[in-house]
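Every number here is computed from the coordinates shown, using simple stated rules; none is lab data. These numbers were taken from a predicted model, which means no experiment stands behind them. Reconstructed Cβ throughout: ideal geometry from the backbone, glycine too, with neighbour counts over all protein chains shown.
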Amino acid sequence: MPRFKLTIEYDGSSYHGWQFQKNKPTVMGVLMNACKAALGVGAFELYGAGRTDAGVHALAQVAHLDVQTRLTPEILCLRLNDALPATVNIREAEAVEANFHARYDAVARSYVYHVSARRTAFAKKYAYWIKDSLDIRAMERAGHLFEGMHDFKSFGVVQDEKQSTRVQVYLVAVQKEGASIFIQIVGSHFLWKMVRRVAGVLIACGRGKMDAKDIRRFLKLNDPEPARHTAPPAGLFLERVYYGQLPTDFRPVWPMVIPE
């Protein structure tokens, strides 16, 4: 059966996350419905590179689709997009080898958390408005403390007791563009809620309410404090999934820039 790699962008505001749920709208659910409607088939397999939570967006989620069809990847992409709602769009479909796996072949994921430095009428679903002035330099310095292999038990929720809480983080970067502040986090994988809690702690550092010694404590002990700073899902974007050789320079795509 042919296998296709799909690169997908979506507005997660109206979905209960990526993963299929029987009685709730999910991104995977609408993609499955599109496959049935556009291709007229009931037999297919769809796997995503990872789950995103309710309200979280994606600029380039990756999934692989196994479906019996003679359509070219380009026509397959057009047919599926015609059957999808405006909030989900397949950017590209590629024919891949049968052993390619969207999740298990991924070597890293990049997330971008979007903070707005001002009240805006247009970005409520896509940014977290912080009224306080943030010290970007302090956030940058704090972010570097997360880089490397660390135990993120204070930052994640483990759903399987056998799951390791150790994660390799390749980069944490903070950048201001206009009234937008972007926090980019690149890692081998992420625990549930980990990215939003790291973002929340960095925001607290920007407010002057936390510093390096707090982060070192969180990475050493199982501390409940980061959970109290979990940033809301609206500002979070799955920016990219990496396969093969990792780049020497991670260059993110910003979801949007709010003018000053």
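Where both partners of a DSSP beta bridge lie in the chain, what percent of those bridges are antiparallel, to the nearest 5? Walk me through the intermediate numbers first.
Working: 49 of 53 bridges.
Once the DSSP bridges in the chain are tallied, antiparallel ones form about 90 percent.
For the chain, with the dipole built from +1 on Lys and Arg beta-carbon atoms and -1 on Asp and Glu ones, taken about the Cα centre, which of LEU78, VAL253, VAL167 lies farthest toward the positive end?
Of the listed residues, the answer is VAL167.
Picking from VAL62, VAL174, VAL157, which is most flexible by a Gaussian network model of the chain using Cα springs under 10 Å?
Result: VAL157 has the largest fluctuation of those listed.
Rounded, prolate or oblate: which fits region 127-260 when a ≥ b ≥ c are the square roots of the eigenvalues of the alpha-carbon gyration tensor, with rounded for a/c under 1.5 and prolate only if a/b beats b/c?
Working: a/c = 1.63, a/b = 1.17, b/c = 1.39.
Oblate shape, in that a/c is at least 1.5 and b/c is the bigger or equal ratio.
Using only C-alpha atoms and all pairs of different ones, pull out the Kirkwood radius for the chain in Å with one decimal.
Details: mean 1/r = 0.0522 Å⁻¹.
Evaluated on the chain, it is 19.2 Å.
From the backbone phi of region 15-32, what are the Karplus-calculated ³J(HN,Hα) couplings (6.51 cos²θ - 1.76 cosθ + 1.60, θ = phi - 60°) in whole Hz, Gly and Pro given as x?
Along region 15-32, the couplings run 10, 8, x, 6, 5, 4, 10, 4, 10, 9, x, 9, 5, 4, x, 6, 5, 5 Hz.
Using a 10 angstrom cutoff on alpha carbons, build the Gaussian network for the chain and name the most mobile of LEU202, LEU71, LEU59.
LEU71
Any idea what the relative contact order of region 3-96 is, in percent, if you count C-alpha pairs under 8 Å spaced at least 6 apart?
Numbers: 183 pairs, mean separation 42.4, N = 94.
Relative CO of region 3-96 lands at 45 percent.
With unit charges on the beta carbons (Lys and Arg positive, Asp and Glu negative) and the dipole taken about the Cα centre of the chain, which residue among PRO224, GLY143, LEU39 sits farthest to the positive side?
The Cα lying farthest towards the positive end belongs to PRO224.
Treating the beta-carbon of each Lys and Arg as +1 and of each Asp and Glu as -1, no other charges, what is the dipole magnitude of region 103-260 about its Cα centre, to the nearest 20 debye? Each step should come with its number before you reach the end.
Details: 25 positive and 16 negative charges, 77 e Å.
With only Lys, Arg, Asp and Glu charged at Cβ, the dipole is about 380 debye.
Each residue of region 166-179 in order: what ³J(HN,Hα) in whole Hz does its phi give by Karplus 6.51 cos²θ - 1.76 cosθ + 1.60, θ = phi - 60°, with x for Gly and Pro?
After applying 6.51 cos²θ - 1.76 cosθ + 1.60, I find 7, 9, 8, 9, 8, 7, 10, 10, 10, 9, 10, 9, x, 8 Hz.
What list of ³J(HN,Hα) values in whole Hz, one per residue of region 200-211 in order, does the Karplus curve 6.51 cos²θ - 1.76 cosθ + 1.60 (θ = phi - 60°) give from phi, with Gly and Pro shown as x?
Ordered by residue, 3J(HN,Hα) equals x, 5, 5, 5, 4, 5, x, 7, x, 9, 9, 8 Hz.
Take THR72, THR52 and order them by how many other Cβ atoms sit within 10 Å, fewest up front. Mind dumping the intermediate values first?
Working: THR72 11, THR52 25.
Taking fewest neighbouring Cβ atoms as first place, the list is THR72, THR52.
Assign one of three labels to region 87-161, namely rounded, prolate or oblate, based on the Cα gyration tensor with a ≥ b ≥ c the square roots of its eigenvalues; rounded applies when a/c is under 1.5, prolate when it is not and a/b is larger than b/c, and oblate otherwise.
In terms of gyration-tensor shape, oblate.
Highest GNM mean-square fluctuation, the chain, Cα pairs closer than 10 Å: which of VAL201, VAL67, VAL88?
Looking only at VAL201, VAL67, VAL88, the biggest GNM fluctuation is shown by VAL67.
Nearest 500 deg cm²/dmol is fine: what mean residue ellipticity at 222 nm does the chain get from its DSSP H runs of n ≥ 4 alone, each adding -39,500 (n - 2.57), divided by its residue count? Don't jump to the answer; show the numbers that get you there.
Numbers: 5 runs with 55 residues, N = 260.
One gets -6500 deg cm²/dmol as the mean residue ellipticity at 222 nm.
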